[in-house]
Amino acid sequence: MAQITKKEVDVVVCGLGWAGSLMSIELAMAGLEVRALERGGERDYPDFAYPKPADEYAYNVRNKVFATPKEVAVTVRYNMNQTALPTRKWGAFAPGTGVGGAGMHWTAVLIRPTPTDIKLKTYVDEAYKPGVLQEDMRVMDFPFTWEEIEPYYYKFELICGQSGNTGNLRGQILEGGDPFEGPRSEPYPLPALEDTLNNVMFKEAATKLGYHPFPNPSACVSRAWKNPYGNQIAPCNYCGYCSKYPCLNYSKASPQTAVMDSLKRMPNFSYEVHAEVVKVVLHDDQKTAKGVIYYDVDGNEVFQPAKIVVLSSFQLYNVRLMLLSGIGKPYNPITEEGVVGRNYAFLSNGGATLFFKDKNFNSYATAGATGQMFNDISPGNFDGPGLGFLGGAKIHSSQATGTPMAAALPKGTPAWGMGYKEGLEEWYNHSMKISITTTCQSYRDIYLDLDPHYTDHRGQPLLRMTFNWKENELKLQQHLKGIVGNIAKELNPDNMSMSFLPMGADFDLTKYVSTHNVGGAVMGDNPRTSALNKYLQSWDVHNVFVPGGNAFPQNFQANPTDTIGAITLMAAQAIKEHYLKNPGPLVQA
């Protein structure tokens, strides 16, 4: 089919989730003509008005607003000796699609990593003796300081209307917040969400055991909020339809609520849905891009010329598009040469479910980010070196929603029939959870590349994931099992079950863990070990910028969205202040 060529724009943005919408509005506000291309469809609030999103089967079971494996499958294997097989159904993770991307149906826990997380390699070199950690671990520092990135965390938190308790204000430790958080230049924009019964119980038990719980930092706003872009976000009404759902009350910060309403009104911004970008086109010298090729809703092949190309889709797809476009050298795990595909990392979860006959947990009054957590078990805050592993977790209790299909029941309860109904009648609204969200380190033989066997509907190779749990992460799980068990014992439930990975466990793709995939096109200060510099600019193709979770060199226990927002805003600022005046590498190799 004949190729259609569009009018050149200043910036083409590929993917319109959090990173794409932030980059679009920041560059459009600088006067640039911005054109965004989104593979999925329109996702807007007339389609999500009450009661439409309150549909557990459609959103939580059938994954109504996620990309389908048919559209964006990946192949998965445990090690380099195996043949990877394609995903047929989402399990461990579930990527988003459409305008807003995964930022529309996220849980909205908006928490920063710690300064130690940002400089993890520096911490390892100082705290661990040689030989304690696995030889194949490849930990890296982020290529910026806490002082450099902190203002951009705060800017993104203002955009979202972050709600919570400040723990460290310019070095002063404040009661009720996280004493381990990095120094904040300003307090949280809004107060914390209200506590539920399980939160109060967890907080009391954790405090008694010497930990320092604080309310979950939340992008479900606790009060009405008008953000710096002029968008208004309504106060949370605790309906419980958060994770995997669009917010029916306009209360959860998302690209729709926090950015798109203002962005759509800008005359120098436009976007196209059902626009599947398949390649970044490079000039003959391979040092700059001249635009992207995509397929429109009618199947036409279209070339969109642009002076700047921003790849801002989900982490896995950013990596795949770089590989398909020849941007950066593909990673080779045997020689460790190449940069695109290295340092992929996921994470593990787990925890305990506690049942109380005499406690009535009102699961119809909750939000995705209601809860209490503590950060005592994160790198640098406990004796990881003495225990022989690197990493940590945020340990938290968050009130589950009241949706019946997701209701927790004791082990041994039948999954259907009369026994299931009796179990639901006896235990519904009588359970609480203690959960973990862990770190995950990067390793020499854990990586992403193009699959040599499987292709998509256009004949292009699928992305291949080589991933399995390592001994370090399994040791961490076992340590956390003891901590959670002690908290559960303090709470003294009538019944309980625990779920932690045993030593020797393999990655299970079929059970949901999280969609916090990171790495594969990481940022760093060395072009031999990173694909991007500190401003998310490709070392090889200087007018290509790649914001997203792909830039993380390993995964920390904090949810990634706050950091994705911060690094995107820092990159946008560098483009406006420096790149536009003098196009070229922003960091010298």
Matching entry among Tyr59, Tyr153 (being within 26 Å of Ser398 (Cα to Cα), assigned to a helix (DSSP H, G or I) and touching a helix residue (DSSP H, G or I) at 6+ places or on another chain (Cβ under 9 Å)): Tyr153
Specify the residue that is modelled with the highest pLDDT; the eligible residues are those in region 234-260 that are open to solvent by 20 Å² or more (accessible area, probe 1.4 Å) and of a type in the set (A, V, I, L, M). Ala234
Output for region 543-559, where each listed residue is under 12 Å from Ala521 (Cα atoms) and either part of a loop (DSSP other than H, G, I, E, B) or in contact with a Cys (Cβ under 7 Å, 6 or more places away or on another chain) (or both): Val546, Pro547, Gly548, Phe552, Pro553, Gln554
Taking Lys64, is it over 20 Å from the mean Cα position of the chain (by Cα), among the charged types (D, E, K, R) and open to solvent by 10 Å² or more (accessible area, probe 1.4 Å)? no
Please go through region 162-210 and pick out each residue that is in a loop (DSSP other than H, G, I, E, B), open to solvent by less than 60 Å² (accessible area, probe 1.4 Å) and in contact with a Pro (Cβ under 6 Å, 6 or more places away or on another chain). Gln162, Gly164, Asn165, Thr166, Gly167, Gly171, Gly182, Ala192
Could you tell me whether region 96-109 includes any residue that is β-branched (Val, Ile, Thr), within 17 Å of Ile446 (Cα to Cα), in a loop (DSSP other than H, G, I, E, B) and open to solvent by 20 Å² or more (accessible area, probe 1.4 Å)? no
What are the residues in region 413-430 that are outside any helix (DSSP H, G or I) and touching a helix residue (DSSP H, G or I) at 6+ places or on another chain (Cβ under 9 Å), if any? Thr413, Pro414, Tyr428
Pro502 is checked against (1) open to solvent by 60 Å² or more (accessible area, probe 1.4 Å); (2) under 30 Å from Ala206 (Cα atoms); (3) outside any loop (DSSP other than H, G, I, E, B) and fails just one. What number does that condition carry? (3)
Across region 15-58, what is the number of residues that are more than 20 Å from Phe269 (Cβ to Cβ) and open to solvent by less than 30 Å² (accessible area, probe 1.4 Å)? 4
Whether any residue in region 348-364 is open to solvent by 40 Å² or more (accessible area, probe 1.4 Å) and under 20 Å from Lys244 (Cα atoms) is what I want to check. yes
Long-range neighbours under 8 Å by Cβ, at least six apart or interchain, first residue under 28 Å from Arg43 (Cα atoms) within region 104-125, second open to solvent by 40 Å² or more (accessible area, probe 1.4 Å) and not polar (S, T, N, Q): Met104/Arg43
Among the residues of region 216-233, the number that are buried (at least 24 other Cβ atoms within 10 Å of the Cβ) and out of contact with any strand residue (DSSP E or B) (no Cβ under 6 Å at 6 or more places or on another chain) is 2
State which residue is surrounded by the most Cβ atoms within 10 Å (Cβ to Cβ) when the search covers only region 299-316 and only residues that are farther than 20 Å from Asn543 by Cβ and under 14 Å from the mean Cα position of the chain (by Cα). Gln315
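Of these, Ala505, Ala488, which one is among the hydrophobic types (A, V, I, L, M, F, W, C) and over 30 Å from Asn429 (Cβ atoms)? Full working, then the answer.
Working: Ala488 fails: over 30 Å from Asn429 (Cβ atoms).
Result: Ala505 is the single residue among Ala505, Ala488 that is among the hydrophobic types (A, V, I, L, M, F, W, C) and over 30 Å from Asn429 (Cβ atoms).
Each row is one residue, and each column tells you yes or no for (1) among the aliphatic types (A, V, I, L, M); (2) out of contact with any Phe, Trp or Tyr (no Cβ under 9 Å at 6 or more places or on another chain); (3) farther than 22 Å from Thr75 by Cα.
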{"site": "Gly423", "(1), (2), (3)": "no, yes, yes"}
{"site": "Thr455", "(1), (2), (3)": "no, yes, no"}
{"site": "Glu473", "(1), (2), (3)": "no, no, yes"}
{"site": "Met496", "(1), (2), (3)": "yes, no, yes"}
{"site": "Ala505", "(1), (2), (3)": "yes, no, no"}
{"site": "Thr510", "(1), (2), (3)": "no, yes, no"}
{"site": "Lys534", "(1), (2), (3)": "no, no, yes"}
Return yes or no: is Asp540 of a type outside the set (A, V, I, L, M, F, W, C), closer than 20 Å to Gly291 by Cα, over 20 Å from the mean Cα position of the chain (by Cα) and assigned to a loop (DSSP other than H, G, I, E, B)? yes
For region 467-479, check the following and say yes or no: at least one residue is in a strand (DSSP E or B) and not small (Gly, Ala, Ser). no
Region 408-464: number of residues that are open to solvent by 40 Å² or more (accessible area, probe 1.4 Å) and either small (Gly, Ala, Ser) or within 30 Å of Thr83 (Cβ to Cβ) (or both): 13
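The values are calculated or read from the model by the stated rules, or taken from the named source; none is laboratory data. All values reported here derive from a predicted model rather than from experimental measurement. Note that we place each Cβ from the backbone using ideal geometry, even for glycine, and neighbour counts take in every protein chain shown. With ligands, DNA and RNA removed, areas are computed over all heavy atoms of the protein, side chains included. Shrake-Rupley method; radii C 1.70, N 1.55, O 1.52, S 1.80 Å.
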